Structures are given as C-alpha cells and as structure tokens.
Amino acid sequence: MPEIIFYRYSHGYSVFNPREVREEYREIKRMGGQAVGLAVTTEDKVYCSLELRRHVEMMHQAGLKAIFVFGRWGGLFAAAAINSSSRETFKHPEWWKVGPDGKPPGCIVCCVNHPGFRRYFFEEAEHFFRWMEPDGLLMDEPKDANWPCYCQYCRSKGNPRQIHVGSLAAFLGEVARFFKKLRPGGSTYLFHMPGQPVPFYEETAAQEGLDYLGVDGPLCLQKKADGRVLSKTPLLESMKTVLPIVKKYGKKTLVVPENFLVPAGEEKVYAKNLRKLLQEKPDAVVFHYYGFGNENPALLMRKIEQVLRSLPSEKTPE
Ligand SMILES: [Zn+2]
C-alpha cells in the first residue's frame, strides 16, 4: 500500500469553519489518506497565519501528517495561481531569471543564484517551517529547467547553458536539507512536470535530503472551463522515463494522477487508469482533495476511494 497524500491549495481556506475543516480531515482519513499537502503562499503569513496552524492541528487530531507545499514561491513552483507568486517577487524584478538579452523571456521565475532572492526565500521558509511545524515538505513542479538564466550571478558560475540544470537541482536539494535541519525526522517530496530535460530528473534524484521523487500528469481527458483540452503527457507514459531514474538513485517513487479539470463521463477512464498506475507500486500517491474544475467532483472522489479500498485485494493484478 503506497502512502496516500491528499492535496489542498490555499484558495478558500482563509474562510475557516472549524467544524467543516475538522470533518474534511476526518473524511480524508476515512478515504485512506495518511497525509495532507497544504499549499501555502507567502501572502498567507499576513492574512491567515492562525488558520495555517489550526489546519496542522486538525490534521494531527485526525491522525494525518501535515505536509507543507510552496504555493508559487518566487514563481519557482506550481501549486497556486501565477499572480500569487508573492508581492515581494513583483517588487524585485532584479531577482527574475533573464534571457541573453537581459529580459525575462515570457514568464516570471526567480533566479536561484540571486543572493537577494535566496535570502528572502530561506527566511520565509524558516518562518513557515517554525510556525506551522509540518511533518513533511512537498515541492510541486519546480520551474524552469528548460531555460537557462543569464544574470550576472549565473554567468559568474560558468556557461549559463551548462550550469542551469545543476544549479536548480542543487537549490532544491539545499531546500530539502534545510527543511530536515529545522524539522528533524521530516520527509521531503518532489514531483516534476513531464517534459523536463532528463538531466534534471537525474540531478534532482542525486540530491541528498530528497526522499520521494516523481512526476505528475493526467490519467484521462482534462478540459479547462473555456473548453480547451489540456495537452500534457499522460502519467502512465511519463512515469516510464522518470521512475526508473528515481529508483536508480535509491529514492522512493511518487506519482500525482491529476484529478482536476475532469469532464463528466471521464471518471470511469480515470479509475481504470488509476488501477493500472497502482499496479506499478509507487511508494507515494498524491490526489487533490476534490480537485478543481471537475464537472462531478464528488463522483470522481468516490471513484478514487473505491480504487483505494480495493487495493489490498489487488496483490495479484488481473
Ligand atoms: Zn541567474
């Protein structure tokens, strides 16, 4: 049986009804969850600091581990809307990664080699780790190994094209070890987006301090509200590239079968492919708690629950 983690974004949890939140964590426990990943933005420090601690308290009362997730910090991770990268990120354009022309090429991601950004990131992280006392840390789709940064700090380390993947991986390892130093005994998790350069999978897998490593992706059709179909590599495909690398480095495997933006009628396909995925025996699986943009969130959740309940009897795959 893999470790089952249910995932929540910060959206909406500042509206805090203790009775409902407590019941949600009990439900997660009943559905087979062992932990909850809570995506937190840096702005939450100001608006709902108290609620964050209460969430952790209620997770523990329900018998669940609390896993901290960076919600879009510095544009470096997913797990929140892009405009919640934090006010500090927008106030400091000098932290942004830049192309050879000195301009950010299209999106805002902070440079892990910029001393100002590094100071800010680790100070904020320390605050949240000490304040919330989470049992684990999860990093969601670190950005962006596909393009190098040409700022003065990256150039001083060598050819930007050669050092960028290693720099980013080293930073993620550093963050994982920083977490473990502040939260001894805690576990660290990271999942990639499919389509990253293979050396990025390799270099992150080689990082000391990272316990679980894997990839996310769809198990069925996903559609946005405007009707656009999401074209992300299916998880059953991308895991064939990523998981052997994870195992080669002796790390535990993690998969994120994306249960969001699922149109009506696709729930069956999702459940069928989830069974296939679990036959590969990943060490940890992350589901979104009810997800978002699902036409029938309750039905999809029940399907997941059914598959999880049938797990122990699935020792011999059909
Ligand atoms: Zn840079």
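Yes/no matrix, rows are residues, columns are (1) within 16 Å of the ligand (Cβ to nearest atom); (2) within 30 Å of GLY217 (Cα to Cα); (3) buried (at least 19 other Cβ atoms within 10 Å of the Cβ):
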| position | (1), (2), (3) |
| --- | --- |
| PRO115 | yes, no, no |
| ARG118 | yes, yes, no |
| ALA125 | no, yes, yes |
| GLY136 | no, yes, yes |
| GLU141 | no, yes, no |
| CYS149 | yes, yes, yes |
| SER156 | yes, no, no |
| ARG161 | yes, yes, no |
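Of the residues making up the range 107-128, those that are closer than 24 Å to ARG54 by Cα and of a type outside the set (Phe, Trp, Tyr) are GLU123, GLU124, ALA125, GLU126, HIS127.
Collect the residues in the range 1-17 that are modelled with pLDDT under 90 and either under 20 Å from GLY186 (Cα atoms) or not hydroxyl-bearing (Ser, Thr, Tyr) (or both), keeping them in residue-number order.
Initial filter on the range 1-17 (modelled with pLDDT under 90): 1, 8-17.
If the condition is that a residue be modelled with pLDDT under 90 and either under 20 Å from GLY186 (Cα atoms) or not hydroxyl-bearing (Ser, Thr, Tyr) (or both), then MET1, ARG8, HIS11, GLY12, VAL15, PHE16, ASN17 are the ones that fit.
Considering (1) in a loop (DSSP other than H, G, I, E, B); (2) within 16 Å of the ligand (Cβ to nearest atom); (3) under 20 Å from the mean Cα position of the chain (by Cα), the lone condition that PRO105 does not fulfil carries the number (3). The residues of the range 26-43 that are outside any loop (DSSP other than H, G, I, E, B) and either surrounded by 22 or more Cβ atoms within 10 Å (Cβ to Cβ) or modelled with pLDDT under 85 (or both), listed by number, are ILE28, ALA35, VAL36, GLY37, LEU38, ALA39, VAL40.
Within the range 219-233, the set of residues being closer than 30 Å to ALA170 by Cβ and of a type outside the set (Val, Ile, Thr) comprises just one member, LYS232. The single residue among LYS65, LYS45 that is of a type outside the set (Asp, Glu), away from the ligand (no atom under 16 Å from the Cβ) and under 20 Å from ALA284 (Cα atoms) turns out to be LYS65.
The single residue among ALA78, ALA145 that is in contact with an Asp or Glu (Cβ under 6 Å, 6 or more places away or on another chain) and assigned to a loop (DSSP other than H, G, I, E, B) turns out to be ALA78.
From ALA206, ALA264, ALA170, grab the single residue that is farther than 27 Å from CYS111 by Cα, among the small types (Gly, Ala, Ser) and surrounded by fewer than 18 Cβ atoms within 10 Å (Cβ to Cβ).
None of the other options fit; the residue is ALA264.
Taken together, the residues in the range 174-193 that are in a helix (DSSP H, G or I) and small (Gly, Ala, Ser) amount to 1. Checked against (1) touching a helix residue (DSSP H, G or I) at 6+ places or on another chain (Cβ under 6 Å); (2) farther than 22 Å from TRP73 by Cβ; (3) assigned to a loop (DSSP other than H, G, I, E, B), GLY217 passes all but a single condition, namely (3). In the condition set (1) under 19 Å from the mean Cα position of the chain (by Cα); (2) free of Cβ contacts under 8 Å to residues at least 40 places away in the same chain; (3) over 25 Å from PRO297 (Cα atoms), LYS247 is compliant with all but (1). Of all residue pairs spaced 6 or more apart or on separate chains, those with beta-carbon atoms under 9 Å, a first member in the range 149-173 that is closer than 20 Å to PRO93 by Cα and assigned to a helix (DSSP H, G or I) and a second member that is more than 10 Å from the ligand (Cβ to nearest atom) and among the polar types (S, T, N, Q) are LEU168/THR204.
Okay, residues lined up against (1) on the phi < 0 side of the Ramachandran plot; (2) in a helix (DSSP H, G or I):
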| residue | (1), (2) |
| --- | --- |
| LEU261 | no, no |
| VAL269 | yes, yes |
| LEU274 | yes, yes |
| VAL285 | yes, no |
| MET301 | yes, yes |
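Condition check for CYS110 on (1) within 16 Å of the ligand (Cβ to nearest atom); (2) within 26 Å of VAL285 (Cα to Cα): one failure, at (2).
To keep it simple, each residue is scored yes or no on (1) over 27 Å from GLY37 (Cβ atoms); (2) at pLDDT 95 or above.
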position	(1), (2)
PRO93	yes, no
VAL98	yes, yes
LYS103	yes, no
GLU124	no, yes
TRP131	no, yes
ASP140	no, yes
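For GLU124, the stated conditions do not hold, so it cannot be described as in contact with an Asp or Glu (Cβ under 9 Å, 6 or more places away or on another chain), of a type outside the set (Lys, Arg), in contact (Cβ under 8 Å) with a residue 24 or more places away in the chain and at positive phi.
The values are calculated or read from the model by the stated rules, or taken from the named source; none is laboratory data. As the structure is a computational prediction, the values presented were derived from the model and not from experiment. Note that we place each Cβ from the backbone using ideal geometry, even for glycine, and neighbour counts take in every protein chain shown.
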